[in-house]
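One structure is given below, encoded as structure tokens.
The values are calculated or read from the model by the stated rules, or taken from the named source; none is laboratory data. It should be emphasised that the depicted structure is a prediction, and the values quoted were computed from it without experimental measurement. Cβ atoms come from the backbone with ideal geometry, glycine included; neighbour counts cover every protein chain shown.
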Amino acid sequence: MAGRDQKNCLCCGSVKGSGITVLSSFICLDCEQEIISASFHDRKYGRFIEILKEIWSGLIIEDIPETDDAAK
Ligand SMILES: [Zn+2]
């Protein structure tokens, strides 16, 4: 690695210098534009959903313990 601020795009896998970081996952500008412009009927849309799931699954979701007081 050459110390450059480049990351692997989660979507297309290519290494780009510019893009957005969503919850510590990098998406290049090209893919970001595609995601934004993708319509619900677009075949790519399903792929984007899968990518977003990957991002979500990387999150640590803390369980908030239920207390007896919360049931009231
Ligand atoms: Zn990309």
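Quick look at the numbers
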{"quantity": "Residue identified as of a type in the set (S, T, N, Q) and either touching a residue at least 12 places away in the same chain (Cβ under 8 Å) or closer than 20 Å to G58 by Cβ (or both) among S25, S37", "calculated": "S25"}
{"quantity": "R47 being among the charged types (D, E, K, R), over 18 Å from L59 (Cα atoms) and more than 16 Å from the ligand (Cβ to nearest atom)", "calculated": "no"}
{"quantity": "Residue count, region 38-60 (criterion: of a type in the set (S, T, Y) and not in a helix (DSSP H, G or I))", "calculated": "1"}
{"quantity": "Every residue from region 1-40 that is more than 11 Å from the ligand (Cβ to nearest atom), at pLDDT 85 or above and not small (G, A, S)", "calculated": "T21, I36"}
